[in-house]
Amino acid sequence: MITKECYWFYVVTNCGTKAQLQEPIIDLARLERHELTKVAHYCISVDALTRPMQVREECPPYGNRDGGV
C-alpha cells in the first residue's frame, strides 16, 4: 500500500559552496503552498557537460575590450 510516508522530499542548500542536505520532509502536502502561474523549463543534452563552453554573445556596448572604460 502506498501512503504519504512513501514519498520524501529532500532539499539541498548552499550548492554553490558547501552543499548541505536538510532534514527530509516526509509529508510535503501538509506545508503551506502557493500556486505557480509560470514555470520555466530548461533541457540540456546528455553530453553538454563534456563539451567546451561556447560563448555566443557579442561584447557589451560599453567600455573597451581590454577592460578599460
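The values are calculated or read from the model by the stated rules, or taken from the named source; none is laboratory data. Quantities reported herein were computed from a predicted structural model and do not represent experimental measurements. All Cβ positions, even for glycine, are placed from backbone atoms using ideal geometry, and neighbour counts span all protein chains on display.
Residue count for segment 1-13, restricted to those that are surrounded by 10 or more Cβ atoms within 10 Å (Cβ to Cβ) and either at positive phi or not aliphatic (A, V, I, L, M) (or both): 5.
Contact annotation: residue pairs with Cβ atoms under 9 Å, 6 or more positions apart or on different chains, pairing a residue in segment 38-52 that is in a loop (DSSP other than H, G, I, E, B) and loosely packed, with under 10 Cβ neighbours inside 10 Å with a partner that is among the basic types (Lys, Arg) and modelled with pLDDT under 70, are Ser45/Arg51. The test for being of a type outside the set (Val, Ile, Thr) and modelled with pLDDT under 85 holds for Asn64.
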